[in-house]
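One structure is given below, encoded as structure tokens.
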């Protein structure tokens, strides 16, 4: 595990000085997306702002929320926005992979529109997207579609076609169910089923392949983090495709960990902090 740069390390273990007039805040938000409001939380950084903002996207169904990462990133001077996709975790609407892509786009639109509210301390010209698992796929897709996004990070990013849409119905459905837990009695996602999600992944497998996004991301900082969770093939293929175009701004990090990085939470934060620091330096972003 690499150690953080000296100027970053305090964010891992020390709170910033408290200034009551510009203290950090944790603010629930309702973000409109296709006729419903997404449940969201905005972690605003301390200081007057405006601050650069990270959109942090969870996976399928999102048992790992990466809130520790959000808090640490906030201590470095970044805002962090987290969302629950439609139909997940009690939110309104129906859950679909396509809806997740739309919801992430809506969150970026909200950042730009809400930047007019000084209390939120948002800078719409300084945004990155970071996603875990399926959220890594969503982050890749939305960053490729939105050139104003400064960079993207995939934490065990999942190639949906490879993972859940391999064409073998029962096996694909079982893989989805392992994640969403329907057969175990969990009810995290609304309006869908493992069968429907596996079919959606299968139908869109070629369109949503991670390597499709390489050309659109190669000119921006990209962080690809992998673990020993069995999902590395898609991320490795994306890394190879980015290098085939221009890998100068690609950063790779691997951990001997499970899908949630349960034994490497500090190491994961170090990897993201160092990537943000390099991005900040390269883009001359002041936090």
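Just so it is clear, none of the values below were taken in a lab; they were calculated from the coordinates. Just so it is clear, the structure is predicted and the values come from calculations on it, not from any experiment. Ideal geometry is used to build each Cβ from the backbone, glycine not excepted, and the neighbour counts take in all protein chains shown.
In whole angstrom, how far apart do the alpha carbon centroids of the range 196-254 and the range 108-122 sit?
Cα centroid to Cα centroid, the span is 29 Å.
Please give the length that would be gained between residue 203 and residue 183 if that part of the chain were fully extended, namely 0.36 nm times their separation in residues minus their C-alpha to C-alpha distance (nm, one decimal).
So the chain would gain 4.9 nm between residue 203 and residue 183.
Please compute the contact order of the range 150-287 in relative form: average sequence separation of alpha-carbon pairs under 8 Å and at least six residues apart, divided by the residue count, as a percent.
28
Under the rule a/c < 1.5 gives rounded, and otherwise a/b versus b/c splits prolate from oblate, where does the range 181-246 land using the Cα gyration tensor?
Since a/c reaches 1.5 and a/b is larger than b/c, the shape of the range 181-246 is classed as prolate.
Between rounded, prolate and oblate, where does the range 19-154 land on the alpha carbon gyration tensor, with a ≥ b ≥ c its root eigenvalues, rounded for a/c under 1.5, else prolate if a/b exceeds b/c?
Judged from the Cα gyration tensor, the range 19-154 comes out prolate (a/c at least 1.5, a/b above b/c).
For a test of the definition: using alpha carbon positions, the gyration tensor, and the 1.5 limit on a/c, classify the range 213-287 as rounded, prolate or oblate.
Numbers: a/c = 3.18, a/b = 1.16, b/c = 2.74.
Oblate is the answer for the range 213-287, as a/c is 1.5 or above yet b/c matches or exceeds a/b.
How high is the relative contact order of the range 157-198, in percent, with contacts defined as C-alpha pairs under 8 Å that are six or more residues apart? Could you put the intermediate results ahead of the total?
Working: 31 pairs, mean separation 16.2, N = 42.
Reported relative contact order: 39 percent.
For residue 266 and residue 27, compute 0.36 nm times the residue count separating them, minus their Cα-Cα distance, and round to one decimal in nm.
Here the segment from residue 266 to residue 27 would lengthen by 83.6 nm.
Give me the extension gain from residue 146 to residue 109: residue separation times 0.36 nm, minus the current Cα-Cα distance, reported in nm with one decimal. Let's see the in-between values first.
Working: separation 37, 0.36 × 37 = 13.32 nm, distance 1.04 nm.
Going from the current span to full extension adds 12.3 nm.
Please report, to one decimal in angstroms, the Kirkwood hydrodynamic radius of the range 61-124 built from all distinct Cα-Cα pairs. Kindly include the intermediate steps, with their values, before the conclusion.
Values: mean 1/r = 0.0755 Å⁻¹.
Here the Kirkwood hydrodynamic radius works out to 13.2 Å.
Considering all alpha-carbon pairs of the range 114-248, what whole percent are spaced by more than 23 angstrom?
40
Relative contact order of the range 10-280: what whole-number percent is it, with Cα pairs under 8 angstrom and at least 6 residues apart? Write out the running numbers ahead of the final one.
Values: 555 pairs, mean separation 43.1, N = 271.
With pairs under 8 Å counted, the relative contact order is 16 percent.
If the label point is 7 Å along Cα→Cβ of residue 117, which residues in the range 11-44 have backbone nitrogen under 14 Å from it?
Only 25-32, 38-44 pass the distance filter.
Kirkwood hydrodynamic radius, computed over distinct alpha-carbon pairs, for the range 10-280: how many Å, to one decimal?
Here the Kirkwood hydrodynamic radius works out to 18.6 Å.
Just to be sure I understand: of the beta bridges DSSP finds with both ends in the chain, what percent are antiparallel, rounded to 5?
Details: 14 of 39 bridges.
Here the antiparallel bridges make up roughly 35 percent for the chain.
In nm, to one decimal, how far is the modelled label at residue 228 from the one at residue 256, with both set 7 Å along Cα→Cβ?
According to this spin-label approximation, the distance is 0.6 nm.
For the chain, what is the calculated [θ] at 222 nm in deg cm²/dmol (nearest 500), taking -39500 (n - 2.57) for each run of four or more DSSP H residues and dividing by its residue count?
The helix contribution divided over the chain gives -11500 deg cm²/dmol.
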